[in-house]
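Here the structure comes first, spelled out in structure tokens, and everything after it is commentary.
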Amino acid sequence: MYRKFLLLILIIPSLSFAQQKDTTVKATDDLFEDAVDASFPGGLEGWQNYLIQNMRYPRKAMKKEIQGTVVVQFIIDTNGKTSEIEAIEGPEILAAEAIRLIKESGKWLPAHNKDKPLKSYKRQPFVFKLEKG
């Protein structure tokens, strides 16, 4: 039986982009030249610590030995609040835990461009892997 689970956090930067009003931005426009992506307080290390402390492998998934990657997409508004959180791929039995982690993650540092906060979209992969123990 699996007694431990392994949390893998992909260090690949999650996909993120600031919301644009005009989707026909020309290559010569510098609209996002100085844009800074939204981030979790404490950066990547803070995010990893949050996940390690708060992630719980769903018991039903553990009993059925279900593993996999769940990709969650969400919005971080100009105040750093998360919304429109949804799992867009991965095992459904694991998706609820990934969504819960985003919902309970608290306030983020919003994306900004030249000190102007921007609404941004993020995609975060969560890898659930069981380890015999």
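A short reminder: the numbers here are calculations on the coordinates, not readings from a lab. Source: prediction; values computed, not measured. Note: ideal-geometry Cβ built from the backbone for every residue, glycine included; neighbour counts use all protein chains shown.
Could you tell me how many of the residues in the range 57-90 are under 18 Å from Lys129 (Cβ atoms) and part of a loop (DSSP other than H, G, I, E, B)?
Qualifying residue count, the range 57-90: 7.
For the range 33-67, enumerate the residues that are polar (S, T, N, Q) and in contact (Cβ under 8 Å) with a residue 40 or more places away in the chain.
Matches in the range 33-67: Ser39, Asn54, Gln67.
Being surrounded by fewer than 19 Cβ atoms within 10 Å (Cβ to Cβ), touching a residue at least 12 places away in the same chain (Cβ under 8 Å) and in a strand (DSSP E or B) is the filter here; which residues of the range 91-132 pass it?
Of everything in the range 91-132, those that are surrounded by fewer than 19 Cβ atoms within 10 Å (Cβ to Cβ), touching a residue at least 12 places away in the same chain (Cβ under 8 Å) and in a strand (DSSP E or B) turn out to be Leu109, His112, Asn113, Pro117, Tyr121, Arg123, Pro125, Val127, Lys129, Leu130, Glu131, Lys132.
Hey, does the range 81-89 have a residue that's farther than 20 Å from Gly46 by Cβ and without any contact (Cβ under 8 Å) to a residue 12 or more places away in the chain?
Within the range 81-89, one or more residues are farther than 20 Å from Gly46 by Cβ and without any contact (Cβ under 8 Å) to a residue 12 or more places away in the chain.
Which residue, of Gln67, Gln48, is polar (S, T, N, Q) and in contact with a strand residue (DSSP E or B) (Cβ under 8 Å, 6 or more places away or on another chain)?
Going through Gln67, Gln48 in turn, just one is polar (S, T, N, Q) and in contact with a strand residue (DSSP E or B) (Cβ under 8 Å, 6 or more places away or on another chain): Gln67.
So, of the residues in the range 70-90 that are surrounded by 15 or more Cβ atoms within 10 Å (Cβ to Cβ) and more than 12 Å from the chain's Cα centre (by Cα), which turns out to be farthest from Val127 (Cα to Cα)?
Here the residue is Thr78.
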